[in-house]
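Laboratory data are not the source of any read-out in this text; all were calculated from the coordinates shown. Not measured: the values here are computed from a predicted model. Positions of Cβ are backbone-derived with ideal geometry, glycine not excepted, and every protein chain shown enters the neighbour counts.
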Amino acid sequence: MRPELPSFRYHPDPLATGAVKPSSIRCACCGELRGFVYMGPVYGAAELHESLCPWCISDGSAARKLGASFADDHPLLQARVPELIVQEVNLRTPAFSSWQQEQWLAHCGDACAFLGDASVEDVANASEETKLAWQKEYGLGEGDWLHITQGYQPRGDQAFYKFKCLHCEAVRLGWDCS
């Protein structure tokens, strides 16, 4: 029986998003066989891709012992998110893989929770607030939204990532393309 995964405030279900998967790999940080491995980006001096357990990410030991970080802190710093929250996302939260560089979104002065690839329904039924926030974030207009979202399929050339504000529950969509 596998142990329960640690809780991540800003990435509540890393199994569902594919950031963590079952594995028999020994963790490069703690040396234990924990039954799960992190699949997302790792930034640091050592090659640590697909070699860290979620527990060493959660407790910060991968960051402390190996100099690992998991998300670009620049977008959250630009959004004026408090440094302690930026550190939690950057050093103690599984990130997500993106075509270019992942961009963690913020709202209400806090990092949002990453929920994974947006579904076709998430994009088609996006609220006006969500669409306007997306247009502002990427410097694009309504016509661009209509063109880019036409025929959207998760894991395709156009990627939409779903985030949710932990305070007001507003949905934000990150975007990337191949």
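Building the convex hull from the alpha-carbon atoms of the stretch 1-97 and averaging its projection over directions returns 5.9 nm². Residue exposure proxy: Y138, Y161, ordered by other Cβ atoms within 10 angstrom of their Cβ from fewest to most, comes out as Y138, Y161. Near the amide H of W175, within less than 5 Å, lie the amide hydrogens of Y161, all on another chain or at least 5 residues away, with H placed in the peptide plane. About its Cα centre, the stretch 94-178 has a charge dipole of approximately 100 debye under the convention of +1 per Lys or Arg Cβ and -1 per Asp or Glu Cβ, with nothing else charged. The simple spin-label model puts a point 7 Å past each Cα toward its Cβ; for E129 and C168 those points are separated by 0.5 nm.
Across the options W55, F8, V42, the greatest Cα extent toward the positive end of the charge dipole of the stretch 1-97 (unit charges at beta carbon of Lys, Arg, Asp, Glu) belongs to W55. Once the C-beta distance of Q87 and S178 is scaled by a Förster radius of 30 Å, the resulting FRET efficiency is 0.45 to the nearest 0.05.
The stretch between D157 and H49 holds 36.6 nm of extra length on full extension. This uses 0.36 nm per residue minus the Cα-Cα distance.
Once you divide the Cα radius of gyration of the stretch 97-178 by 2.2 N^0.38 Å, the number left is 1.00. Per-residue ellipticity at 222 nm from helix content only, as computed over the chain with -39500 (n - 2.57) for each DSSP H run of at least four residues, stands at -7500 deg cm²/dmol. Return the single residue from L166, L52, L76 with maximal mean-square fluctuation; model: Gaussian network over the chain, springs between Cα atoms under 10 Å. Highest fluctuation of the listed residues: L166.
Loop-located trypsin sites (Lys or Arg not before Pro) in the stretch 71-178 (DSSP state not H, G, I, E or B) with no more than 11 neighbouring Cβ atoms inside 10 Å: R80, R155. Across the stretch 150-165, rounded Karplus estimates of 3J(HN,Hα) from the backbone phi angles (6.51 cos²θ - 1.76 cosθ + 1.60, θ = phi - 60°) give 4, x, 4, 9, x, 6, x, 5, 9, 10, 10, 10, 8, 10, 9, 5 Hz, Gly and Pro being marked x. Taking the square roots of five times each eigenvalue of the Cα gyration tensor of the chain, the equivalent ellipsoid has semi-axes of 29, 17, 14 Å, listed largest first.
As an exercise, use a Förster radius of 22 Å and the Cβ-Cβ distance of Q150 and A79 to find the FRET efficiency, rounded to the nearest 0.05.
E between Q150 and A79, to the nearest 0.05, is 0.15.
In this structure the amide hydrogen of V37, modeled in the peptide plane, comes within under 5 Å of the amide hydrogens of K21, S23, none closer than 5 places in sequence on its chain. Where in the chain is the longest stretch that carries no GluC sites (Glu not before Pro) classed as loop by DSSP and with at most 16 other Cβ atoms within 10 Å? Counting at most 16 other Cβ atoms within 10 Å as exposed, the longest clean stretch of the chain is 51-168. Using the charge dipole of the chain (Lys, Arg: +1 at Cβ; Asp, Glu: -1 at Cβ; taken about the Cα centre), state which of Y152, V20, C177 has its Cα farthest towards the positive end. With unit charges placed on the Cβ atoms, the residue in question is V20.
Within the same chain, lysines fewer than 8 places from K21 are excluded, and of the rest, those with a Cα less than 21 Å from its Cα are K162.
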